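Reading through the structure tokens given below for one structure.
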Amino acid sequence: MKTVELSLNESQENSLFRPIRNKIDYARMVLLSSRYILINTKKAVPCRPTLKLKFDKSMRLFFYSKNKFFSLAYPFTVSIEDKEVISIKTLSHKNLDSYTISSALAILNDDNFTRNPSLTEFYLGWNNADSFELAIDIDLGISILEEIFQFEPSYIRYDYDETHEKGKKHPLNHFDICYSSHGTFKIGLEKRIDSAFFEDILDLNTDCIYIK
């Protein structure tokens, strides 16, 4: 399995370690992660928040801080030479670079989209409004976001949560499965886990983990 692992600075940590509640949050997370992977050449440092991309049969992003791990399915493909990322592409072979990522993020952050989060309505509004100007590639940004929105996020989070611990209702150690308030649920754990165990659970090449 190939791995890209990076330490996060404070600004990157603040951008990535935010609650994920919907597909817009998911799209923003994978776009920001892709930007950091493309520009960041620093290797992971112990005790620093970390972003890791692992890919083989599946593509997954892993995020690590002291008391929180979480992972998302990654909807892009990555090419590596000499342990350096040289390109990131969508599954339909669109290239992701700084401009492409900025175009997609600009749509997510635009007031017209946040008020009515529909890519179709946003595109029609952009075409029909002379005063609506963005220094981005609207067509490309929308096509990238469409691919992300169609992808299954496969979200899972591990928490060591002393603040909200409440017996078996909210165990000190637990998994949160899925992200939306309509579908999320917890699985309690008897003890703290490490990053290796967390990744092993999600690794299609290792034996399945059993719940006892």
Handout entry: residue 15 accessible area, assembled protein chains, probe 1.4 Å, Å²
Key = 30
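List the chymotrypsin sites (Phe, Trp or Tyr not before Pro) within segment 1-89 that fall in a DSSP loop (any state other than H, G, I, E or B) and whose Cβ has at most 16 other Cβ atoms within 10 Å.
17
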Practice task
May I ask you to derive the FRET efficiency for residue 56 and residue 86 from their Cβ-Cβ distance with R0 = 25 Å, giving the value to the nearest 0.05?
Solution key: 0.85
Exercise for the section: Give the carbon-plus-sulfur fraction of the accessible surface of segment 1-160 in %, rounded to a whole number; probe 1.4 Å, heavy atoms of protein chains only. Expected result: 47
Practice task
Estimate the FRET efficiency between residue 187 and residue 77 by the formula 1/(1 + (r/R0)^6), using the beta-carbon distance for r and 30 Å for R0, to the nearest 0.05.
Solution key: 0.45
Exercise for the section: In nm, give the distance between the simple-model label positions of residue 112 and residue 168, each being 7 Å from the Cα along the Cα-to-Cβ direction. Expected result: 5.4
Exercise for the section: Once you have a ≥ b ≥ c as the square roots of the Cα gyration tensor eigenvalues for segment 148-202, tell me rounded if a/c is under 1.5, and otherwise prolate or oblate according to whether a/b is larger than b/c. Expected result: oblate
Handout entry: Solvent-accessible area per residue for segment 1-130 (1.4 angstrom probe, square angstrom)
Key = 53
Problem - Kirkwood hydrodynamic radius (C-alpha pairs) into Stokes-Einstein, the chain, 10 °C and 1.306 mPa s, D in µm²/s - result: 86
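Compute the convex hull volume of the Cα atoms of segment 114-212, divide it by the residue count, and report the result per residue in Å³ as a whole number.
Details: hull volume 18.5 nm³, N = 99.
Expressed per residue, the convex hull around the Cα atoms of segment 114-212 is 187 Å³.
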Practice task
Considering the options 99, 29, 187, tell which one lies farthest towards the positive end of the dipole of the chain, charges being +1 on Lys and Arg and -1 on Asp and Glu at the Cβ, about the Cα centre.
Solution key: 187
Completion exercise
Helix-only [θ] at 222 nm, the chain, -39500 (n - 2.57) per DSSP H run of 4+, per residue, nearest 500, equals -9500 deg cm²/dmol
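For the chain, the longest stretch holding no GluC sites (Glu not before Pro) located in a DSSP loop with at most 14 other Cβ atoms within 10 Å is which?
The longest uninterrupted stretch comes out as 1-132.
Multiply the residue gap between residue 39 and residue 204 by 0.36 nm, knock off their C-alpha separation, and tell me the result in nm, one decimal place.
Length gained, residue 39 through residue 204: 56.5 nm.
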Exercise for the section: For residue 68, list the lysines whose Cα falls under 24 Å from its own Cα; do not include residues on the same chain fewer than 8 positions away. Expected result: 2, 23, 42, 43, 52, 54, 166, 168, 169, 186, 191, 212
Practice task
Give, in nm to one decimal, the length gained when the segment between residue 95 and residue 124 is fully stretched (0.36 nm per residue of separation minus the Cα-Cα distance).
Solution key: 8.0 nm
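The values are calculated or read from the model by the stated rules, or taken from the named source; none is laboratory data. None of the values given here were measured: they were computed from a predicted structure. Here Cβ is always computed from backbone atoms with ideal geometry, including for glycine, and neighbour counts include all displayed protein chains. We work out accessible area using only protein heavy atoms, side chains counted, and drop any ligands, DNA or RNA first. Shrake-Rupley method; radii C 1.70, N 1.55, O 1.52, S 1.80 Å.
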